[in-house]
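For reference, the structure discussed in these notes is given below.
The values are calculated or read from the model by the stated rules, or taken from the named source; none is laboratory data. Only a predicted model underlies this, so the values are computations on that prediction, with no experimental measurement involved. Because the Cβ atoms are built from the backbone with ideal geometry, glycine has one as well, and the counts that use them run over all protein chains shown. Calculation scope for accessible area: heavy atoms of the full protein, side chains included, ligands and nucleic acids excluded. Shrake-Rupley method; radii C 1.70, N 1.55, O 1.52, S 1.80 Å.
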Amino acid sequence: MNAIASALSVRRTAGALGAEIHGTGRLSEASDSLIAELRRLWLQHSVLFFREQHLSPAELVGFARRFGTLVEYPYLKGLAEAPEVIAIVKEPHEKANFGGTWHTDTTYLPQPPMATMLIARETPPHGGDTAFASCTAAYEALSPAMQRMLEGLRGINSSVIADKFRTREDVRPDLPPKLFEAEHPVIRTHPETGRKALFVSSSHTIRFAGMTEAESAPLLAFLFAHQVRQEFTCRFRWEPGSIAFWDNRCTLHDAINDYQGFRRVMHRVTVAGDTPF
Ligand code: SIN
């Protein structure tokens with residue numbers, strides 16, 4: 001183990017995915033070798049968590065850029081001081097939250113992001129956790145016959161369902177409302193680890209290519225239930241300054257909406273991805 005790796009404490013969150021990393025120092029000042037070690041850990045655990053990182057929006061952008069090029073989220077306008085950063089805000093009077101269903105980010109785009117980084121600014125006194133699920137664990141738990149059958153299928157992913165759950169106040173006034181749709185393989189191969197993952201979600205996948213919604217529904221219903229079985233998931237409790245950094249190529253997440261009457265504020269950036277294969 002090199003000196004950088006041995007200075008870190010890595011506490012796994014659950015059996016399938018997730019690790020909380022301590023001993024990094026301030027992430028906005030990370031050395032190149034620390035970034036390389038974090039990338040290795042990230043590929044291993046699919047989602048990394050950090051605590052007590054009170055990075056400004058500009059520092060968050062700087063840290064995220066160490067992993068790739070940042071991309072805009074199509075529905076929300078970024079912060080004035082850091083346009084790459086979107087604010088995810090739920091006010092005490094609001095009932096719906098942003099991202100409150102199991103999903104992989106923006107799979108309705110031809111190239112969904114590689115990664116998402118979320119930092120907590122204001123957290124409710126209880127609840128407001130985010131749950132994550134491993135699409136790799138879900139794929140590997142399927143029978144070989146089911147895996148073979150799914151290999152030949154492609155999913156149609158649409159923004160139509162997710163649209164209902166976005167935070168309305170911040171919708172981009174400069175863009176007309178738009179429906180996005182993209183076709184992706186149901187079984188995706190991770191471009192860095194080579195591992196296969198089940199790449200559908202109940203928030204975005206509406207049918208299989210070449211089939212009707214009615215024909216697709218029974219198998220999709222099985223896959224949606226299968227992919228979030230408890231043993232494939234982990235759950236993160238936020239505090240102000242906590243960061244989650246997830247691999248959007250092999251995970252799902254769900255922002256749990258159990259803190260009615262309280263405010264929750266997060267800042268999010270996304271890192272560009274490639275065309276799933
Ligand atoms: C998201 O889906 O990006 C939001 C997650 C969260 O607010 O916990």
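Structural remarks
- Qualifying position, being open to solvent by less than 50 Å² (accessible area, probe 1.4 Å), without any contact (Cβ under 8 Å) to a residue 12 or more places away in the chain and under 20 Å from Val269 (Cβ atoms), among Gly62, Gly18, Gly78, Gly68: Gly78
- Picking from residues in the range 66-122 that are of a type in the set (D, E, K, R) and near the ligand (Cβ under 10 Å from one of its atoms), the one that is nearest to Lys178 (Cα to Cα) is Asp105.
- Pairing each residue of the range 218-232 that is over 16 Å from Ile187 (Cα atoms) with any residue that is at pLDDT 95 or above and surrounded by fewer than 15 Cβ atoms within 10 Å (Cβ to Cβ), provided the two are 6+ apart or on different chains, yields C-beta distances under 7 Å for Glu231/Gly15.
- Filter result for Leu43 (open to solvent by 40 Å² or more (accessible area, probe 1.4 Å), of a type outside the set (S, T, N, Q) and in contact with a His (Cβ under 9 Å, 6 or more places away or on another chain)): yes
- Near pairs, Cβ below 6 angstrom, 6+ apart or cross-chain, from the range 124-145 (over 17 Å from Thr101 (Cα atoms)) to any residue that is among the hydrophobic types (A, V, I, L, M, F, W, C) and assigned to a helix (DSSP H, G or I): Ala137/Phe232; Ala138/Phe232
- Considered as a group, the residues in the range 165-204 that are at pLDDT 95 or above and over 23 Å from Ala225 (Cα atoms) include one that is surrounded by the fewest Cβ atoms within 10 Å (Cβ to Cβ), and that residue is Gly194.
- If only residues of the range 225-242 that are surrounded by fewer than 23 Cβ atoms within 10 Å (Cβ to Cβ) and assigned to a strand (DSSP E or B) are counted, the one that is nearest to the ligand (Cβ to nearest atom) is Phe236.
- Test: residue in the range 123-133 that is of a type in the set (S, T, N, Q) and either at pLDDT below 95 or in contact with a helix residue (DSSP H, G or I) (Cβ under 8 Å, 6 or more places away or on another chain) (or both): no
- Residue match in the range 217-224 (condition: open to solvent by 60 Å² or more (accessible area, probe 1.4 Å), at pLDDT 95 or above and assigned to a helix (DSSP H, G or I)): yes
- When residues of the range 246-272 are limited to those that are more than 10 Å from the ligand (Cβ to nearest atom) and surrounded by fewer than 23 Cβ atoms within 10 Å (Cβ to Cβ), the one farthest from the chain's Cα centre (by Cα): Gly261
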